[in-house]
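Bear in mind these aren't lab numbers, they're just calculated from the coordinates by the rules spelled out. In this text the structure is predicted, and so the values were computed from the model without any measurement. Cβ placement follows ideal geometry from the backbone for every residue including glycine, while neighbour counts extend to all protein chains displayed.
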C-alpha cells in the first residue's frame, strides 16, 4: 500500500490510496489538535490526537493514533502534516502496558508504528 498526494490545502490534504485508487482527505482541527479522515466528504473512522502537556506548543504527545487504513502510509502522512503545520516535535509514551485515561497507551500495531516513525525521525526516541 502507499499514498499519492493529490492536493495540499492549509489544514487538509487529499491522498489517493495506491492499492485501490480511493481518495482520502486528512483534516486537521487547529482548535483541539486532532486529525480526522474523510472520504467523499463523509467522515470515516478513527483519528489522531495530539496533546500539549507542557503548554509551550513545541512538543506534543501523540495520545491517540488510529488509522482507517493501517499500513497505507496515512499515519506517516498525519505526522508529517502535523510537523509541517505546527513546527513542533512529537513524542509518545513507552509501551509499558499501563492503560491511560488520555488513550496514550500503545496497543495493537501502535508499538511497531511508533518504532518505524522514530527511525524516520518523525517521533522522538525514548530516553
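Summary table below
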quantity	calculated
Percent RCO, i.e. relative contact order, over region 11-81, from Cα pairs under 8 Å lying at least 6 residues apart	20 percent
Region 52-94, relative contact order in percent, only Cα pairs under 8 angstrom and at least six apart counted	52 percent
Calculated [θ] (222 nm, deg cm²/dmol) that DSSP helices of n ≥ 4 give over the chain, each run adding -39,500 (n - 2.57)	-5500 deg cm²/dmol
Additional length obtainable on full extension of the chain from residue 6 to residue 43, 0.36 nm per residue less Cα span	11.5 nm
Label-point separation, residue 102 to residue 127 (7 Å along Cα→Cβ), nm	1.6 nm
Average Cα contact separation per residue, the chain, under 8 Å, 6 or more apart, as relative contact order %	16 percent
Distance (nanometres) between label positions extended 7 Å along Cα→Cβ at residue 89 and residue 76	2.2 nm
Gap separating the Cα centres of region 96-127 and region 48-91, nearest whole Å	11 Å
Antiparallel DSSP beta bridges within region 25-127, as percent of all bridges there, nearest 5	85 percent
Using alpha-carbon coordinates, inclination of helix 74-86 to the longest axis of the chain, degrees	70 degrees
Most mobile of 81, 117, 65 in a GNM of the chain (Cα contacts under 10 Å)	117
